[in-house]
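Structure first, commentary second.
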Amino acid sequence: MADLHSNFLGIHSPNPFWLASAPPTDKEYNVERAFQAGWGGVVWKTLGLDPHVVNVCGPRYSTLRGADRRILGLNNIELITDRSLETNLEEIARIKQRWPDRAVVVSIMVPCEEEAWKWILPQVEATGADGIELNFGCPHGMSERGMGAAVGQVPEYIEMVTRWCKQYCRLPVIVKLTPNITDIRYPARAAKAGGADAVSLINTINSVMGVDLDQMLMTPHTGNQGSHGGYCGPAVKPIALNMVAEISRDAPTRGLPISGIGGISTWRDAAEFIALGCGTVQVCTAVMVHGFQIVRDMISGLENYMDEKGFRTLEDFRGMALGSVTDWRYLNLNHVEKAVIDQTSCIKCGRCHLVCEDTSHQAISTSLMGERHFAVREEDCVGCNLCASVCPVENCISLRHLQPGEVDKRTGIVVSDQYANWTTHPNNPMATTA
């Protein structure tokens with residue numbers, strides 16, 4: 001049977017499912033219930049210096065919903081813990097004593113001053129916590145004070161603070177990165193240069209959730225005013241996966257341990273992050289929507305998947321999909337595919353034809369012998385996958401790979417078995433070979 005045990009930086013947990021630093025990990029009561037439900041670890045909600053921060057006493061959250069009311073994204077303007085440092089430290093110590101087999105990592109955010117970090121780190125270490133996470137990602141409120149994303153957007157600051165933490169703390173140091181940056185590789189490289197043991201990503205994305213068109217006020221708002229917040233949830237997962245992959249395959253950071261965050265709601269989401277190199281995954285939004293018990297489905301689902309595939313441990317498939325990620329210029333331009341519609345499962349809704357006709361390559365016919373019938377004309381199809389992407393019936397539309405020797409009816413060219421990419425293509429004025 002699959003063994004979900006995780007050893008991340010020497011931090012052991014019975015499974016890779018950790019709660020991210022957020023409201024669900026704000027206090028002893030929450031974390032106790034989370035561990036009882038089965039979570040493998042937590043990253044305690046970010047600690048700061050006293051006097052503690054003050055959160056708004058009004059709407060802190062807003063959601064983006066699909067047509068079925070399912071929550072696709074969540075926006076928040078909540079700040080770091082608004083409880084005293086002393087209270088948090090006492091609770092962390094008690095939790096770790098009661099749950100020695102679970103991972104307890106403490107998120108920290110203090111001013112970008114060496115003395116501040118030097119002062120707080122020994123106190124956190126004294127709790128018995130397993131590691132620390134440097135919050136360089138918070139995009140609202142704290143960034144206005146020169147912390148959070150204000151640090152995470154400056155690689156030099158990341159490296160500097162990370163060095164301080166490695167100097168004044170014996171615990172593993174995880175650097176949490178902001179996605180609100182042009183190229184995620186640079187802050188990751190800076191974290192590694194500063195001695196970070198790992199990085200975690202992504203933190204939330206700058207966002208305004210909407211506008212109340214009757215009152216002409218942004219939503220949510222407190223006292224007729226609002227602020228941009230941090231966006232998270234299922235909708236940010238593709239962004240997170242891309243950034244994880246970029247760090248995993250970047251030469252300067254290849255092999256740097258990663259804790260994946262961003263839209264993880266199911267065991268399948270978690271498995272995708274692990275397949276791209278993550279050692280653990282952190283969850284927030286799914287818990288805020290469904291509660292702590294959701295981890296049971298995540299655990300059983302991942303176990304069943306691993307048993308089905310023959311993976312005994314997480315390491316058996318961690319990073320396995322990374323080799324499939326490359327730059328566009330290296331994609332094989334001799335590879336040709338065509339869409340195929342399975343007539344036995346087609347419900348004749350016509351969505352494939354609509355999108356292809358209006359926005360793609362006009363490659364789908366609508367009738368056969370006077371009857372409603374949707375079929376792909378290979379002489380016009382470029383294999384773009386748009387029709388399959390919008391089809392409401394799973395696996396009704398697939399792509400067929402043309403074999404070497406077949407003729408592409410669209411171009412009249414015989415499909416080659418030779419690999420060729422843009423770096424060598426004759427249409428590329430900078431091609432390395434003609």
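Find the relative contact order for the chain and round it to a whole percent, using C-alpha pairs within less than 8 Å whose residues are 6+ positions apart.
On the way: 912 pairs, mean separation 57.0, N = 434.
Once divided by the residue count of the chain, the mean separation gives 13 percent.
Amide H of L72 versus every other amide H placed in the peptide plane: which residues, excluding those fewer than 5 positions away on the same chain, fall under 5 Å?
Correct list: L64, R65, G66.
Rounded, prolate or oblate: which fits region 332-379 when a ≥ b ≥ c are the square roots of the eigenvalues of the alpha-carbon gyration tensor, with rounded for a/c under 1.5 and prolate only if a/b beats b/c?
prolate
Rg and Dmax of region 6-324 over Cα atoms: what are they, in angstrom?
Both quantities, over Cα of region 6-324: 18.5, 57 Å.
Taking K118 as the anchor, which lysines have their alpha carbon closer than 23 Å to its alpha carbon, excluding any fewer than eight residues away along the same chain?
Filter leaves K45, K96, K166, K176, K192.
What distance in nm separates the two pseudo spin-label positions at N395 and Y61, each 7 Å out from Cα along the beta-carbon direction?
Going by the 7 Å Cα→Cβ label model, 3.6 nm.
Quick one: net charge around E357, please, counting Lys, Arg +1 and Asp, Glu -1 for every other residue with C-beta under 14 Å from its C-beta.
Summing Lys and Arg as +1 and Asp and Glu as -1 gives 0.
With just the Cα atoms defining each centre, how far is region 293-326 from region 211-254? Give it in Å.
With region 293-326 and region 211-254 each reduced to a Cα centre, they are spaced 27 Å.
With both partners inside region 6-324, how many of the DSSP beta bridges are antiparallel, as a percent to the nearest 5? All intermediate terms of the calculation are to be shown ahead of the outcome.
Values: 18 of 45 bridges.
Antiparallel bridges: around 40 percent, rounded to the nearest 5.
Net charge within 14 Å of F317 by Cβ-Cβ distance, Lys/Arg positive one each and Asp/Glu negative one each, not counting F317 itself? Can you show the working numbers first?
On the way: positive: R268, K309, R312, R318; negative: D3, E272, E303, D307, E308, E315, D316.
Spelling it out: positives minus negatives among the neighbours equals -3.
If you fit an axis through the alpha-carbon atoms of helix 237-249 and take the longest principal axis of the Cα set of the chain, what angle between them do you get, 0 to 90°, nearest 10?
80 degrees
Based on Cα positions only, what radius of gyration and what Dmax would you give for region 20-119, in angstroms?
15.7, 51
Given the C-alpha atoms of region 130-172, compute the convex hull and give its volume per residue in Å³.
67 Å³
What nm distance separates the two modelled labels at S345 and Q418, each placed 7 Å from Cα along Cα→Cβ?
3.7 nm
Between E114 and N385, what is the FRET efficiency for a Förster distance of 45 Å, r being their Cβ-Cβ separation, to the nearest 0.05?
Plugging the Cβ-Cβ distance into 1/(1 + (r/R0)^6) gives 0.30.
State to the nearest 20 debye the size of the charge dipole of region 288-368 about its Cα centre, where the only charges are +1 on K and R beta carbons and -1 on D and E beta carbons.
120 debye
Apply the a/c threshold of 1.5 to the C-alpha gyration tensor of region 316-420 and tell me whether it is rounded, prolate or oblate.
oblate
Using amide H atoms built 1.01 Å from N in the peptide plane, name the residues 5+ places from G137, or on other chains, whose amide H lies under 5 Å from its own.
A149
Would you calculate the separation in nanometres between label points at M216 and R268, each defined as 7 Å from the Cα along the Cα-to-beta-carbon direction?
A separation of 4.5 nm, rounded to one decimal place.
The numbers here are math on the coordinates, done by the rules we state, and not lab data. Since this is a predicted model, take the numbers as computed values, not measurements. Because the Cβ atoms are built from the backbone with ideal geometry, glycine has one as well, and the counts that use them run over all protein chains shown.
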